[in-house]
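Reviewing the structure listed below.
The values are calculated or read from the model by the stated rules, or taken from the named source; none is laboratory data. Please read all numbers here as calculations on a predicted model, not as lab measurements. In this analysis, Cβ positions are derived from the backbone assuming ideal geometry, glycine residues included, and neighbour counts consider all displayed protein chains.
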Amino acid sequence: MEISAPKIDNKVCVTKADSTNGSNKYAKYYSETQVKNTNEGRTALCGDSGHNSSHSGGSSHSATAQHLKDFVKETLKGDGSKNWPTSTEGTDSDRKSAPNDNAVARDLIALNRDEKTIVAGLLAKTIEGGEVVEIRAVSLPTAWLTLGIEIGVL
């Protein structure tokens, strides 16, 4: 979606900032959610927030929001082999796994009608010999994203 529909890419899995103390501290996508603290904001959760206290910067937070392309590259490892459909659980009780598929679905449902049509078209291109007839629900297998589509075989 990054190339075909960058405006849509920027609306899905957008990390949030916790900007208390005057500096933006967006969550930064990573292969595993870390316990958040002043120097740590890495996450494997779609649309997560950064830490809420001042920090010295560093590379564990992002100065700007990250999006779907970053989530796919850093968290899903490009092919959905990790953190899909749920995030990787940490070794402590603060880092429980969470459903990334639901977070992506929530963002896709929030798109306007034209954007949903574009997403459906992109999905149709990924399914050889099929066309998207109707998007009804969200179902996300581990290898790649599908949107609970009804497929009409040509």
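Taking the range 1-43 as the range and being closer than 23 Å to residue 111 by Cα and at pLDDT below 75 as the test, the residues that pass are 1, 2, 3, 4. Reported count of residues in the range 31-43, each being closer than 23 Å to residue 80 by Cα and not in a loop (DSSP other than H, G, I, E, B), is 2. Residues in the range 109-128 that are closer than 15 Å to residue 6 by Cβ and at pLDDT 85 or above: 111, 114, 115, 118, 119.
Residue by residue, here is whether (1) in a loop (DSSP other than H, G, I, E, B); (2) crowded, with 18+ Cβ neighbours inside 10 Å; (3) touching a Leu at 6+ places or on another chain (Cβ under 7 Å); (4) at pLDDT 90 or above holds:
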{"site": "45", "(1), (2), (3), (4)": "yes, yes, no, yes"}
{"site": "52", "(1), (2), (3), (4)": "yes, no, no, no"}
{"site": "60", "(1), (2), (3), (4)": "yes, yes, no, no"}
{"site": "66", "(1), (2), (3), (4)": "yes, yes, no, yes"}
{"site": "69", "(1), (2), (3), (4)": "no, no, no, yes"}
{"site": "81", "(1), (2), (3), (4)": "yes, no, no, no"}
{"site": "89", "(1), (2), (3), (4)": "yes, no, no, no"}
{"site": "94", "(1), (2), (3), (4)": "yes, no, no, no"}
